[in-house]
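Please read the structure below before turning to the comments.
What follows is calculated from the coordinates using simple rules that are stated; it is not laboratory data. No experiment lies behind these values; they were computed from the predicted model shown. Virtual Cβ from ideal backbone geometry, glycine too; neighbours counted across all protein chains shown.
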Amino acid sequence: MESIATLPSNPVGFWRRLGAGLLDALIIGLPLLLITYIITGSTEDNLVTNIISSLYSLLVPVFWHGYTVGKRIAGIRIARVDGEPLGIGTMLLRNLVGGIVYVITLGLGVIISAIMVIVRQDKRSIHDLIAGTYVTSNHP
């Protein structure tokens, strides 16, 4: 267990993280869904939407210092615990490997992650622990 001296700086809790995710869904996800529906005529399992959405959540934080549009509006960002800049490898661990854990556990991991963010002093979820990240209100 990490000591208090090594706790991440200004970790962000559940509600701000959820709010940032909802903002991303409304500002990025909904228009993306509408555009791909207009182009493809389908909303079911749309490969184009899935690819663009995955690339957004993977690459935008790497090139924008841990921010996504929703996180930027909420004043929060993803950061590495060791203080190094985010890289594609870190985001792959966070999104892909974390996502695989959540799928394998049939969504139970998502619930456990939410509880972890609520009760842990460092506010880190399963995907944060996998990738060595946390969500902070500190500026880069």
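Set against the labelled values [x] 29, 14, 14; [y] 27, 16, 14; [z] 42, 13, 10, semi-axes √(5λ) of the Cα gyration tensor in Å computed from this structure falls on [y]. The peptide list 66-79, 117-130, 43-56, 84-97, put in order of mean Cβ contacts within 10 Å with the highest first, becomes 66-79, 117-130, 84-97, 43-56. In this structure the amide hydrogen of T133, modeled in the peptide plane, comes within under 5 Å of the amide hydrogens of V81, none closer than 5 places in sequence on its chain. 3J(HN,Hα) couplings calculated from phi for the range 103-113 with the Karplus curve 6.51 cos²θ - 1.76 cosθ + 1.60 (θ = phi - 60°) are, in sequence order, 5, 4, 8, 6, x, 4, x, 5, 5, 4, 4 Hz; Gly and Pro show x. Helix content alone sets the calculated 222 nm mean residue ellipticity of the chain: runs of n ≥ 4 DSSP H residues at -39500 (n - 2.57) each, divided across all residues, give -15500 deg cm²/dmol.
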